[in-house]
Amino acid sequence: MSTASAIDVKKLYESIVGFDESEEARGTYYKLMDTLTGKKNKSGTEETVRDRVLKAYGMLFCEDAGLSPGDRAQTSHVADTADRLYIGDAGYDPEHWYRMKHHFPEIDDDNYDRFAALVISDMNSGPLHDAAVNDGEVLLVGEPDPLHMTAAQRRNQKLREVTLPAGGDN
């Protein structure tokens, strides 16, 4: 049985990006997300990579949700934060709004964990990681609903940078 420490995060990222086009990518995604980490959830159940991803997403992006450490982000938490994530500088460029760039028109019960896994795996080994290392562009958290913000609201939004510990540890 494989463990979470043996997972190739780049392979996880690639399986998510290819999810809609390939049966093989979908199979790889589900297999990796269901891999046990060797740890226990608060409830005493075995922790999976899916659990760990949703915990990391909750810790990094769901500050306003009041989650306790170790709580998993739920569908509503991911949906509420997905429109707040963008790359680099604030602006109205849809290529920089993370959810739009990756074609997640709606975050729901069928894909919220996949979106969270995309964000976390991209920060660890995808183009977002490369952009942070090479170009200094990072994933930022802005105000909700960027598509309906006025130019003044976009200029005045409060921003905070999100980074992971060096080395991309689990």
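Tabulated results
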{"read-out": "Summed residue charge, Cβ within 14 Å of Ser15's Cβ, Lys/Arg positive, Asp/Glu negative", "value": "-3"}
{"read-out": "Within-14-Å neighbourhood charge of Gly66 [Cβ basis; K, R +1; D, E -1]", "value": "-3"}
{"read-out": "Per-pair calculated FRET efficiency, R0 = 30 Å: Glu46 and Asp130 via Cβ, rounded to 0.05", "value": "0.35"}
{"read-out": "Under 5 Å, built H, 5+ apart or other chain: amide partners of Thr35", "value": "Val49, Arg50"}
{"read-out": "Two-site label geometry, Met59 and Glu106: point separation in nm, points 7 Å out along Cα→Cβ", "value": "3.2 nm"}
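Bear in mind that the values in this text are calculations on the coordinates, not laboratory data. Note that the coordinates shown come from a computational prediction; the quantities given were computed from them, not determined experimentally. With ideal geometry, Cβ positions are generated from the backbone for all residues, glycine too; neighbour counts draw on all protein chains shown.
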